[in-house]
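S.K.: The structure follows.
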Amino acid sequence: MAAARSGERPSLFVAAAYKAGTALPLRGGFMAKIVFVLNGPNLNLLGTREPQTYGRATLKDVETLTRAAAASHQLKVEFRQSNHEGELVDWIQKARGRHDGIIINPAGFTTNSVAILDALLLTELPVIEVHLSNIHRREAFRVPSLVSHGARGVICGLGAVGYRLAIDAMAEILGAAKEA
Ligand code: DHK
């Protein structure tokens with residue numbers, strides 16, 4: 001991503017990217033890297049959906065926690081959820097060249113979406129797969145994950161904290177700066 005030097009007027013490219021929300025200048029003039037955090041079907045109902053399995057944190061709570069973790073690494077986050085496979089595929093395709101890494105909880109698409117896996121692969125971005133629950137100690141149909149074939153790493157079973165850990169890992173992968 002283009003870096004604007006401190007004190008310099010942002011270039012047209014930077015200004016356009018900033019407007020599009022794809023490049024975010026920070027103090028000191030360098031561009032914050034952007035992590036795309038994607039959530040699959042039924043995660044919009046977190047907090048009330050089978051709380052014994054998925055916890056009481058709402059998706060908004062997860063987003064807040066994720067953004068706070070990202071800010072501590074001077075990373076930006078774009079956080080989205082969809083119940084629709086095609087919409088997720090469209091978003092992932094557009095991440096190429098716009099985002100620096102992807103964290104995805106594919107939820108119900110984990111074991112069956114070749115389309116989501118293929119989209120993740122084409123971005124050539126680092127991908128971390130997250131699940132709130134420990135899919136390995138649940139019903140057999142929740143594994144194996146197709147998405148894992150495109151993931152650098154997988155975190156599961158740690159609830160919302162898994163998203164924070166995924167941000168920490170992504171920061172490491174992207175060489176992001178840790179705030180003092
Ligand atoms: C969420 C879902 O919706 C399920 O379909 C997966 C995952 C598990 C989770 O633990 O976050 O099997």
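The values are calculated or read from the model by the stated rules, or taken from the named source; none is laboratory data. Note that the coordinates shown come from a computational prediction; the quantities given were computed from them, not determined experimentally. Note that each Cβ is placed from the backbone with ideal geometry, even for glycine, and that neighbours are counted across all protein chains shown. Note: areas computed on protein heavy atoms with side chains; ligands, DNA, RNA excluded. Shrake-Rupley method; radii C 1.70, N 1.55, O 1.52, S 1.80 Å.
S.K.: Which residue is farthest from the chain's Cα centre (by Cα), if the candidates are limited to region 123-147 and must be part of a loop (DSSP other than H, G, I, E, B) and within 10 Å of the ligand (Cβ to nearest atom)?
M.R.: Filtering first and then ranking leaves E139.
S.K.: I'd like the full set of residues that are free of Cβ contacts under 8 Å to residues at least 60 places away in the same chain and within 11 Å of the ligand (Cβ to nearest atom), limited to region 102-122.
M.R.: Once the filter is applied, which keeps residues that are free of Cβ contacts under 8 Å to residues at least 60 places away in the same chain and within 11 Å of the ligand (Cβ to nearest atom), region 102-122 yields T111, N112.
S.K.: Can I ask one more? Any residue that is in a helix (DSSP H, G or I), open to solvent by 70 Å² or more (accessible area, probe 1.4 Å), farther than 22 Å from T53 by Cα and of a type outside the set (V, I, T) - is there at least one of those in region 164-177? Please lay out each step first, then the result.
M.R.: Residues of region 164-177 in a helix (DSSP H, G or I): 164-174.
Right, trim to open to solvent by 70 Å² or more (accessible area, probe 1.4 Å) and you get 164, 172.
Adding the requirement that they be farther than 22 Å from T53 by Cα leaves 172.
From what is left, the residues that are of a type outside the set (V, I, T) are 172.
Checked against the condition, which is being in a helix (DSSP H, G or I), open to solvent by 70 Å² or more (accessible area, probe 1.4 Å), farther than 22 Å from T53 by Cα and of a type outside the set (V, I, T), region 164-177 yields at least one hit.
S.K.: Is there a residue being within 12 Å of the ligand (Cβ to nearest atom), open to solvent by less than 50 Å² (accessible area, probe 1.4 Å) and not in a strand (DSSP E or B) anywhere in region 60-67?
M.R.: Checking region 60-67: at least one residue is within 12 Å of the ligand (Cβ to nearest atom), open to solvent by less than 50 Å² (accessible area, probe 1.4 Å) and not in a strand (DSSP E or B).
S.K.: Could you please give the count of residues in region 139-157 that are without any contact (Cβ under 8 Å) to a residue 12 or more places away in the chain and touching a helix residue (DSSP H, G or I) at 6+ places or on another chain (Cβ under 8 Å)?
M.R.: Of the residues in that region, 0 qualify.
S.K.: Condition first: touching a Lys or Arg at 6+ places or on another chain (Cβ under 7 Å) and away from the ligand (no atom under 16 Å from the Cβ). Can you find one or more residues in region 86-98 that meet it? Steps first, answer last, please.
M.R.: Our first condition is that a residue be touching a Lys or Arg at 6+ places or on another chain (Cβ under 7 Å); within region 86-98, this holds for 91.
After this cut, where a residue has to be away from the ligand (no atom under 16 Å from the Cβ) as well, the list is 91.
Yes - at least one qualifying residue is present in region 86-98.
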